[in-house]
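First the structure, in the form of C-alpha coordinates, and then the observations on it.
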Amino acid sequence: MKILKKIGIVVLVVLVLMQFYRPAKNDSNKMDNDISKSYAVSEDVKTILAKACNDCHSNNTIYPWYANIQPVNWWLNDHIKDGKKHMNFNEFNSYRIARQYKKMDECIKEVKEGEMPLESYTLIHKNAILTDAEKQKLYDWCTSVRDSIKARYPADSLVLPKKKK
(Lines give C-alpha, C1' and ligand atoms only; values in the text may rest on other atoms or scores of the structure.)
Protein backbone atom coordinates (compact mmCIF):
# COMPACT_ATOMS: atom_id res chain seq x y z
CA MET A 1 0.00 0.00 0.00
CA LYS A 2 2.88 2.40 0.75
CA ILE A 3 4.31 1.89 -2.75
CA LEU A 4 0.96 2.89 -4.33
CA LYS A 5 0.85 6.03 -2.21
CA LYS A 6 4.41 6.96 -3.28
CA ILE A 7 3.60 6.32 -6.94
CA GLY A 8 0.49 8.48 -6.59
CA ILE A 9 2.48 11.33 -5.06
CA VAL A 10 5.12 11.12 -7.81
CA VAL A 11 2.43 11.15 -10.51
CA LEU A 12 0.73 14.13 -8.86
CA VAL A 13 4.02 16.06 -8.60
CA VAL A 14 4.79 15.34 -12.27
CA LEU A 15 1.32 16.52 -13.33
CA VAL A 16 1.72 19.73 -11.31
CA LEU A 17 5.18 20.40 -12.72
CA MET A 18 3.92 19.83 -16.27
CA GLN A 19 1.56 22.78 -15.85
CA PHE A 20 4.56 25.16 -15.84
CA TYR A 21 5.79 24.12 -19.31
CA ARG A 22 3.46 25.55 -21.90
CA PRO A 23 3.90 26.05 -25.62
CA ALA A 24 3.37 29.52 -27.04
CA LYS A 25 -0.22 30.22 -28.00
CA ASN A 26 -1.24 30.56 -31.62
CA ASP A 27 -2.75 34.02 -31.31
CA SER A 28 -0.54 36.42 -33.24
CA ASN A 29 -3.39 37.66 -35.44
CA LYS A 30 -0.72 38.30 -38.09
CA MET A 31 -2.66 38.94 -41.30
CA ASP A 32 -0.03 40.46 -43.63
CA ASN A 33 -0.22 37.52 -46.06
CA ASP A 34 -3.88 36.63 -45.55
CA ILE A 35 -5.69 35.02 -48.46
CA SER A 36 -8.30 37.79 -48.37
CA LYS A 37 -5.66 40.33 -49.45
CA SER A 38 -5.53 38.69 -52.91
CA TYR A 39 -8.79 36.78 -53.30
CA ALA A 40 -12.38 37.64 -52.46
CA VAL A 41 -13.68 35.94 -49.33
CA SER A 42 -17.42 36.38 -48.83
CA GLU A 43 -18.92 36.78 -45.37
CA ASP A 44 -20.43 33.29 -45.69
CA VAL A 45 -17.02 31.77 -46.39
CA LYS A 46 -15.41 33.80 -43.58
CA THR A 47 -18.01 32.38 -41.20
CA ILE A 48 -17.35 28.82 -42.40
CA LEU A 49 -13.59 29.25 -42.10
CA ALA A 50 -13.96 30.75 -38.62
CA LYS A 51 -16.09 27.91 -37.30
CA ALA A 52 -14.45 24.94 -38.99
CA CYS A 53 -10.95 25.79 -40.20
CA ASN A 54 -9.19 28.71 -38.53
CA ASP A 55 -8.37 27.07 -35.19
CA CYS A 56 -5.80 24.90 -37.00
CA HIS A 57 -5.27 26.75 -40.28
CA SER A 58 -4.68 30.37 -39.26
CA ASN A 59 -2.55 32.48 -36.93
CA ASN A 60 -5.38 32.77 -34.41
CA THR A 61 -6.69 29.79 -32.48
CA ILE A 62 -9.62 30.17 -30.12
CA TYR A 63 -8.62 27.86 -27.30
CA PRO A 64 -11.14 25.83 -25.30
CA TRP A 65 -10.90 25.78 -21.49
CA TYR A 66 -9.19 22.40 -21.46
CA ALA A 67 -6.24 23.82 -23.41
CA ASN A 68 -5.02 25.15 -20.08
CA ILE A 69 -4.29 21.64 -18.86
CA GLN A 70 -1.08 19.80 -19.67
CA PRO A 71 -0.52 17.47 -21.50
CA VAL A 72 -3.68 18.38 -23.47
CA ASN A 73 -2.15 21.74 -24.42
CA TRP A 74 0.91 20.02 -25.89
CA TRP A 75 -1.29 17.73 -27.96
CA LEU A 76 -3.37 20.68 -29.22
CA ASN A 77 -0.22 22.65 -30.01
CA ASP A 78 1.17 19.80 -32.11
CA HIS A 79 -2.16 19.51 -33.91
CA ILE A 80 -2.23 23.26 -34.64
CA LYS A 81 1.39 23.27 -35.86
CA ASP A 82 0.63 20.37 -38.19
CA GLY A 83 -2.50 22.08 -39.51
CA LYS A 84 -0.64 25.32 -40.18
CA LYS A 85 2.16 23.42 -41.89
CA HIS A 86 -0.34 22.02 -44.38
CA MET A 87 -2.33 25.23 -44.88
CA ASN A 88 -2.39 28.61 -43.18
CA PHE A 89 -4.96 30.99 -44.61
CA ASN A 90 -3.20 33.91 -42.90
CA GLU A 91 0.08 33.06 -44.66
CA PHE A 92 -1.41 32.00 -48.01
CA ASN A 93 0.02 34.91 -50.00
CA SER A 94 3.53 34.04 -48.86
CA TYR A 95 3.27 30.66 -50.61
CA ARG A 96 4.69 30.19 -54.08
CA ILE A 97 2.00 30.33 -56.76
CA ALA A 98 2.31 26.59 -57.44
CA ARG A 99 1.76 25.85 -53.74
CA GLN A 100 -1.25 28.19 -53.59
CA TYR A 101 -2.76 26.37 -56.54
CA LYS A 102 -2.02 22.94 -55.04
CA LYS A 103 -3.47 23.94 -51.66
CA MET A 104 -6.73 25.02 -53.28
CA ASP A 105 -6.87 21.67 -55.11
CA GLU A 106 -6.30 19.90 -51.79
CA CYS A 107 -9.04 21.95 -50.11
CA ILE A 108 -11.47 21.07 -52.89
CA LYS A 109 -10.63 17.38 -52.55
CA GLU A 110 -10.84 17.37 -48.76
CA VAL A 111 -14.15 19.24 -48.68
CA LYS A 112 -15.61 16.89 -51.31
CA GLU A 113 -14.42 13.80 -49.44
CA GLY A 114 -15.40 15.09 -45.99
CA GLU A 115 -11.81 14.89 -44.73
CA MET A 116 -11.94 18.33 -43.16
CA PRO A 117 -12.63 19.37 -40.55
CA LEU A 118 -11.15 16.37 -38.81
CA GLU A 119 -13.52 14.04 -37.00
CA SER A 120 -11.43 14.42 -33.84
CA TYR A 121 -12.14 18.17 -34.00
CA THR A 122 -15.87 17.89 -34.70
CA LEU A 123 -16.35 15.45 -31.82
CA ILE A 124 -15.87 18.35 -29.42
CA HIS A 125 -16.67 21.29 -31.72
CA LYS A 126 -20.13 20.26 -32.98
CA ASN A 127 -20.65 23.66 -34.61
CA ALA A 128 -17.72 22.89 -36.93
CA ILE A 129 -19.67 20.11 -38.66
CA LEU A 130 -20.38 21.51 -42.10
CA THR A 131 -23.80 21.28 -43.71
CA ASP A 132 -24.04 20.26 -47.35
CA ALA A 133 -24.73 23.91 -48.25
CA GLU A 134 -21.62 25.06 -46.34
CA LYS A 135 -19.52 22.39 -48.01
CA GLN A 136 -20.79 23.58 -51.39
CA LYS A 137 -19.97 27.23 -50.57
CA LEU A 138 -16.48 26.28 -49.43
CA TYR A 139 -15.98 24.05 -52.45
CA ASP A 140 -17.18 26.83 -54.80
CA TRP A 141 -14.92 29.39 -53.10
CA CYS A 142 -11.85 27.15 -53.31
CA THR A 143 -12.66 26.49 -56.95
CA SER A 144 -12.97 30.20 -57.68
CA VAL A 145 -9.64 30.96 -55.97
CA ARG A 146 -7.97 28.13 -57.87
CA ASP A 147 -9.50 29.35 -61.14
CA SER A 148 -8.32 32.91 -60.41
CA ILE A 149 -4.79 31.63 -59.87
CA LYS A 150 -4.98 29.63 -63.09
CA ALA A 151 -6.22 32.67 -65.04
CA ARG A 152 -3.51 35.01 -63.66
CA TYR A 153 -0.41 32.87 -64.04
CA PRO A 154 1.17 30.78 -66.79
CA ALA A 155 0.53 27.02 -66.62
CA ASP A 156 4.17 26.15 -65.88
CA SER A 157 4.10 28.32 -62.74
CA LEU A 158 1.26 26.19 -61.32
CA VAL A 159 3.37 23.04 -61.10
CA LEU A 160 5.44 22.32 -58.03
CA PRO A 161 8.95 21.10 -58.79
CA LYS A 162 9.44 17.39 -58.18
CA LYS A 163 11.24 16.53 -54.97
CA LYS A 164 14.64 14.93 -55.41
CA LYS A 165 14.92 11.42 -54.02
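The values are calculated or read from the model by the stated rules, or taken from the named source; none is laboratory data. On a predicted model such as this, the values are computed, not experimentally measured, just so you know. Here the Cβ positions follow ideal geometry from the backbone for every residue, glycine too, while neighbour counts run over all protein chains shown. For the accessible areas, the whole protein counts, side chains as well, though only heavy atoms, and no ligand, DNA or RNA atoms are used. Shrake-Rupley method; radii C 1.70, N 1.55, O 1.52, S 1.80 Å.
Some values worked out for this structure:
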read-out	value
Nearest-20 debye value, segment 24-156 charge dipole, Cβ charges on Lys, Arg, Asp, Glu	320 debye
Computed lengthening from S94 to K46, 0.36 nm per intervening residue step minus Cα-Cα distance	15.3 nm
Listed pairs K30/K112; K84/K109; K25/K150; K51/K150; K103/K150; K81/K126 exceeding 24 Å between Cα atoms	K30/K112; K25/K150; K51/K150
Hypothetical label at N29: residues of segment 56-90 whose amide nitrogen lies under 14 Å (7 Å Cα-Cβ projection)	59-62
By accessible area with a 1.4 Å probe, ligands and nucleic acids excluded, highest first: order of W75, W65	W65, W75
For K126, solvent-accessible area (1.4 Å; no DNA, RNA or ligand), Å²	120 Å²
Label assignment, Cα Rg over 2.2 N^0.38 Å derived from the structure, set (i) 0.95; (ii) 1.30; (iii) 1.22	(ii)
Within the chain, helix-based [θ] at 222 nm, where runs of 4 or more DSSP H residues each add -39,500 (n - 2.57), nearest 500	-17000 deg cm²/dmol
Cysteines having no other Cys beta carbon under 4.7 Å from their own, within the chain	C53, C56
Mean Cβ count within 10 Å, highest first, over the residues of peptides 2-10, 139-147, 50-58, 29-37	50-58, 139-147, 29-37, 2-10
Two-site label geometry, K85 and S36: point separation in nm, points 7 Å out along Cα→Cβ	2.8 nm
Shape category assigned to segment 70-165 from the gyration tensor of Cα positions, a/c cut at 1.5	oblate
Rounded FRET efficiency, nearest 0.05, which uses the C-beta distance separating I69 from D140 and R0 of 25 Å	0.05
C-alpha long axis of helix 97-113 to longest principal axis of the chain, angle in °	70 degrees
On Cα atoms only, tilt of 2-18 relative to the major axis of the chain in degrees	40 degrees
